[in-house]
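The values are calculated or read from the model by the stated rules, or taken from the named source; none is laboratory data. Every value quoted in this text rests on a predicted model; they were computed, and no experiment measured them. Cβ placement follows ideal geometry from the backbone for every residue including glycine, while neighbour counts extend to all protein chains displayed.
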Amino acid sequence: MKKQHTHSIYYIFYSTLFILIALFMFYSYALNTQWLTLLSDEQTHLQQKKLPFLTLVNQEDGGNTLVPLADNGKQIGKAPKDSSTKSSGFIGQSATLIKNTFKKPRELVTFETTRFTNSIISYSIIKNDYRPSLFGWKKQKTTHNDIVIYEKTGHEISFDDFKFSKRQLDRIALEVKTNALNVNKDDEKMMDKIFSRDFSIDFDNVAFTSQGLYFPTTIKKLSKKSTILDYQDVGKITSTKNYAQPKTDKLVTLTFDDGPKSDTTPELLETLKKYNVPATFFMLGSSVNTYPETAKLVYDEGFEVASHSLVHDAASAIGPQQVIDYEIENEKAIYKATGTLPTKYRPPYGDINKDASDLLQMPIIQWNIDSQDWVLKDAKKIAKSVVSNTYPGSIILIHDIHKESIKSVPIIINDLTKQGYSFVSLDDLIQEFYPGQQYFDQFENRPVA
């Protein structure tokens, strides 16, 4: 009787063990079948998006990983080494299957592509870690690794390889700062930090991501989203096609101070558009706050908006700290009205000193042709004064707050055009600007002393 009871215990034990092994095997096979379905779905996703195929690589745990290939067939990133474990017999194969299923998570590596130019493409490699659960594979963690490849060589590219000019970097910096302000509109403290001169961009550590180019800044708590620019946007703002190529060496540029003003500036804009003449508007913050719609009109019509301080006070009279305080307030006013930021500064009365310039950290735009419109107050006299004194490379100063000044502009444009002059923007006249440097015309510039 005792022997029979012992046999019954063994029978129950081995039956239970067999059932448990069978259940684990069934569960393991189900998980592996589901895993293959995940792989198949990803391949279908790639086919639909017409992306390069991934290669299937066996992992040590018996699973598979999809490893992305570049268009030229080269592997992107590192694939797990293929290492197979040999087991014999039903129990051995079952144990191996169960062990491989639960030993460690499986990796599903997929990728997306973003084309930057005709020859530069970004691969965003996405690794999803899965662990088995009672109801199937559960995603535990997702990590990204962005690689930018120069397709002709298959090599990874860096930001330095683009060899952007100073002018192109300035455009990028403006775009990054404006984007940071746009993203943080509801955070007043962060906005103040971005407007401050503590904000700068670390061009030595630019990173390529699946969302675009990430430009790290000196503001530590600024979100990554704040300083990412889309690849196509970077391409547009740095394109040399945006730069004018004048057919003559007799270049001049028009600049307008003290505006905007609602009853004069719009008329001036119509004149400039009629003759297809670019111009830069050095705006006073007090005028921007009074006529924000006019300020926005200037920007919307494609003209450059620059800074002329908040109020028309001389730097020598108010001191360096007040100069920078006024400038930051003016930038806030211009950004609020237009959505952009000024990158150039014209000091009231042309009065600037090194201490104030060091705080401003901006190029200082002076002039060599003063229209004297505030003295002459007659369109013909103003035009005659400008035309008779202009020479190639001139920066002409006019005020867009006086009606007679506005009337003088078409006369100036016609007379100088007849003399063979071409009107270009400040950027096309001088090409590159540096903080702490003051510019008087196309050829004369010197450090602020």
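Here is how the numbers come out for the structure above:
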{"item": "Selection count, the range 437-449, where residues are assigned to a strand (DSSP E or B) and either acidic (Asp, Glu) or out of contact with any helix residue (DSSP H, G or I) (no Cβ under 7 Å at 6 or more places or on another chain) (or both)", "result": "6"}
{"item": "One residue from Ser287, Ser316, Ser226, Ser309 being surrounded by fewer than 19 Cβ atoms within 10 Å (Cβ to Cβ) and out of contact with any His (no Cβ under 7 Å at 6 or more places or on another chain)", "result": "Ser316"}
{"item": "Qualifying residue in the range 315-326 (condition: in a loop (DSSP other than H, G, I, E, B) and touching a Gly at 6+ places or on another chain (Cβ under 7 Å))", "result": "no"}
{"item": "Conditions (1) closer than 30 Å to Thr217 by Cβ; (2) outside the structural domain of Asp204 (by TED's automatic domain parsing); (3) at pLDDT 65 or above: number failed by Gly77", "result": "(3)"}
{"item": "Output for the range 257-273, where each listed residue is part of a helix (DSSP H, G or I) and either more than 33 Å from the chain's Cα centre (by Cα) or in contact (Cβ under 8 Å) with a residue 60 or more places away in the chain (or both)", "result": "Thr265, Glu267, Leu268, Thr271, Leu272"}
{"item": "Residues satisfying the stated conditions in the range 184-200, i.e. surrounded by fewer than 17 Cβ atoms within 10 Å (Cβ to Cβ) and not in a loop (DSSP other than H, G, I, E, B)", "result": "Glu188, Lys189, Met191, Asp192"}
{"item": "Neighbours by Cβ (under 8 Å, 6+ apart or cross-chain): first from the range 210-229, more than 24 Å from Ile157 (Cβ to Cβ); second of a type in the set (A, V, I, L, M, F, W, C) and in a loop (DSSP other than H, G, I, E, B)", "result": "Thr218/Phe199; Ile219/Phe199"}
{"item": "Cβ pairs under 6 Å, 6+ apart, first in the range 316-338 and assigned by TED's automatic domain parsing to the domain that holds Gly350 and more than 16 Å from Met362 (Cβ to Cβ), second among the basic types (Lys, Arg) and assigned to a helix (DSSP H, G or I)", "result": "Ala337/Lys296; Thr338/Lys296"}
{"item": "Filter pass, Ser357 being closer than 30 Å to Gln321 by Cβ, buried (at least 22 other Cβ atoms within 10 Å of the Cβ), modelled with pLDDT of 95 or more and assigned by TED's automatic domain parsing to the domain that holds Ala314", "result": "yes"}
{"item": "Those residues of the range 413-433 which are of a type in the set (Gly, Ala, Ser) and surrounded by 13 or more Cβ atoms within 10 Å (Cβ to Cβ), in sequence order", "result": "Ser422, Ser425"}
{"item": "Filter pass, Ser385 being of a type outside the set (A, V, I, L, M, F, W, C), at pLDDT 95 or above and in contact with a strand residue (DSSP E or B) (Cβ under 8 Å, 6 or more places away or on another chain)", "result": "no"}
{"item": "Index of the failed condition, Lys221 passing every other in (1) assigned by TED's automatic domain parsing to the domain that holds Ile364; (2) in a loop (DSSP other than H, G, I, E, B)", "result": "(1)"}
{"item": "Criterion (among the aromatic types (Phe, Trp, Tyr) and under 33 Å from the mean Cα position of the chain (by Cα)) met by exactly one of Tyr391, Tyr349, Tyr326", "result": "Tyr326"}
{"item": "Pick from the range 401-436, criterion closer than 16 Å to Thr253 by Cβ and assigned to a loop (DSSP other than H, G, I, E, B), ranking: farthest from the chain's Cα centre (by Cα)", "result": "Gln419"}
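Listed here are the residues, each with its yes/no results for (1) at pLDDT below 90; (2) of a type in the set (Phe, Trp, Tyr); (3) in contact with a Leu (Cβ under 8 Å, 6 or more places away or on another chain).
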residue	(1), (2), (3)
Ser196	no, no, no
Ser200	no, no, no
Asn205	no, no, no
Phe208	yes, yes, no
Gln211	yes, no, no
Val234	yes, no, yes
Ile237	yes, no, no
